[in-house]
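K.L.:
This structure is in structure tokens; I'll ask about it shortly.
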Amino acid sequence: MTVILSASGVETTALDMIKKALRLIGAIGRNDPVTSQEATDHWSTLNSMLESWSIERLMVYQIYEETLTWASGQSSRTIGSGGNFDTTRPTRIANGFSRISNIDYPYVVISKEEYDAIADKTTQSSYPDYIYYAPSMSLGTLYAYPVPSASLAFHLNSWKQLQAFTGTTTPLSLPQGYQRAIEYNLAIEIQGEYPDLVLPESVVKIARESKAAIKTINSPVILAELGMSAGRRYNIYSDS
């Protein structure tokens, strides 16, 4: 997945970050090399950590808005590489809307239980009121209710998984503030493999503070909403 960065973005490699993490826990000196086995092992740990961060709302670099075309009469669409919606498979759907003649009709993201409770899933309408997302591998599936009766512009806001390093020396662009957070938190992740070394409290403190700083920046602005949204039908699940 490609991330478009501002000029404040940085580029680094997995090996650079592994070296820094190892220095932070005292496993190597500033000029000491990293063995190929260490690089491979900690590269896997690094990618595993980034993957786990992708399910934390405030650690996701960006919620992506995409405009997709939902075909007429289709109750479901697969999403992911090679799917009906050929894009990066989302971790989760945040929200979105259907746009018809420049009017936006928001839909509600519901759970599997709520979708299963809909008796007649073949009912059609100009746009869906509800979307259920099954994030299965390797293609996720979006289910719409009612089923769109005409092709429509479907706007989707979704969580996208953080990038992974495809190799230890492959460059990866990171948003501002992420490199420090990743290096210090990686030090904590790999310290358990060096039981004779004591993890410095200063590393733990910076790891915690740098991650909290990212969450603060990524925290959405909460807006109060009064009354019903324009163009939106009654939501039987939220009674609004």
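Yes or no, residue by residue, for (1) of a type in the set (A, V, I, L, M); (2) farther than 27 Å from Asp116 by Cβ; (3) assigned by TED's automatic domain parsing to the domain that holds Gly140:
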site: Glu51; (1), (2), (3): no, yes, no
site: Leu68; (1), (2), (3): yes, no, yes
site: Gly80; (1), (2), (3): no, no, yes
site: Phe85; (1), (2), (3): no, no, yes
site: Gly96; (1), (2), (3): no, no, yes
site: Asn102; (1), (2), (3): no, yes, yes
site: Tyr105; (1), (2), (3): no, no, yes
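K.L.:
Can you spot a residue in the range 180-198 that is part of a helix (DSSP H, G or I), at pLDDT below 95, in contact with a helix residue (DSSP H, G or I) (Cβ under 8 Å, 6 or more places away or on another chain) and among the polar types (S, T, N, Q)?
P.N.:
no
K.L.:
For the range 99-110, does any single residue satisfy the condition of being loosely packed, with under 14 Cβ neighbours inside 10 Å and at negative phi? I'd like the intermediate steps shown before the answer.
P.N.:
At the first step, the residues of the range 99-110 found to be loosely packed, with under 14 Cβ neighbours inside 10 Å are 101-103.
When the remaining residues are screened for being at negative phi, the result is 103.
Yes, because at least one residue in the range 99-110 is loosely packed, with under 14 Cβ neighbours inside 10 Å and at negative phi.
K.L.:
Next question. Among (1) farther than 30 Å from Ala213 by Cα; (2) out of contact with any strand residue (DSSP E or B) (no Cβ under 7 Å at 6 or more places or on another chain), which single condition is Ala164 missing?
P.N.:
Of everything listed in (1) farther than 30 Å from Ala213 by Cα; (2) out of contact with any strand residue (DSSP E or B) (no Cβ under 7 Å at 6 or more places or on another chain), Ala164 misses just condition (1).
K.L.:
Please work out which residue is nearest to Gly167 (Cα to Cα), limiting yourself to the range 7-31 and to residues that are modelled with pLDDT of 95 or more and charged (D, E, K, R).
P.N.:
Asp16
K.L.:
Show the residue pairs meeting these rules: Cβ distance below 9 Å; 6+ apart or different chains; first residue within the range 197-211 and over 15 Å from Lys20 (Cα atoms) and of a type outside the set (Gly, Ala, Ser); second residue in a helix (DSSP H, G or I) and modelled with pLDDT under 95.
P.N.:
Lys211/Trp53; Lys211/Met59
K.L.:
Report yes if some residue within the range 42-49 is outside the structural domain of Leu142 (by TED's automatic domain parsing), touching a Gly at 6+ places or on another chain (Cβ under 9 Å), hydrophobic (A, V, I, L, M, F, W, C) and in contact (Cβ under 8 Å) with a residue 12 or more places away in the chain; otherwise report no.
P.N.:
Yes: the range 42-49 contains one or more residues that are outside the structural domain of Leu142 (by TED's automatic domain parsing), touching a Gly at 6+ places or on another chain (Cβ under 9 Å), hydrophobic (A, V, I, L, M, F, W, C) and in contact (Cβ under 8 Å) with a residue 12 or more places away in the chain.
K.L.:
Additional query: Quick check on this structure: which one of Val203, Val147 is closer than 30 Å to Asp120 by Cβ and hydrophobic (A, V, I, L, M, F, W, C)? Explain how you work it out, then say what you get.
P.N.:
Details: Val203 fails: closer than 30 Å to Asp120 by Cβ.
The conditions single out Val147.
K.L.:
Right, next: For Thr123, are the conditions met, namely being in the same structural domain as Phe85 (by TED's automatic domain parsing), of a type outside the set (A, V, I, L, M) and either over 27 Å from Asn102 (Cβ atoms) or surrounded by 18 or more Cβ atoms within 10 Å (Cβ to Cβ) (or both)?
P.N.:
The answer is no for Thr123.
K.L.:
Restricting to the range 71-81, count the residues that are under 16 Å from Ser158 (Cα atoms) and either over 20 Å from the mean Cα position of the chain (by Cα) or surrounded by fewer than 17 Cβ atoms within 10 Å (Cβ to Cβ) (or both).
P.N.:
Total satisfying the criteria: 1.
K.L.:
Follow-up. Keeping to the range 139-192, report how many residues are of a type outside the set (Phe, Trp, Tyr) and over 22 Å from Asp129 (Cβ atoms).
P.N.:
Here the count works out to 31.
K.L.:
Further question on the same structure: Could you check the range 1-120 for strands (runs of 3 or more DSSP E) lying wholly inside it with 2 or more residues that are hydrophobic (A, V, I, L, M, F, W, C)? Before the answer, list the steps.
P.N.:
Working: elements: 10-12, 63-70, 76-79, 92-100, 103-106, 108-110.
Qualifying strands (runs of 3 or more DSSP E): 63-70, 92-100, 108-110.
K.L.:
Sticking with this one: Can you find a residue that is free of Cβ contacts under 8 Å to residues at least 40 places away in the same chain, in contact with a helix residue (DSSP H, G or I) (Cβ under 7 Å, 6 or more places away or on another chain) and part of a helix (DSSP H, G or I) anywhere in the range 164-179?
P.N.:
No, the conditions are met nowhere in the range 164-179.
The values are calculated or read from the model by the stated rules, or taken from the named source; none is laboratory data. Only a predicted model underlies this, so the values are computations on that prediction, with no experimental measurement involved. Positions of Cβ are backbone-derived with ideal geometry, glycine not excepted, and every protein chain shown enters the neighbour counts.
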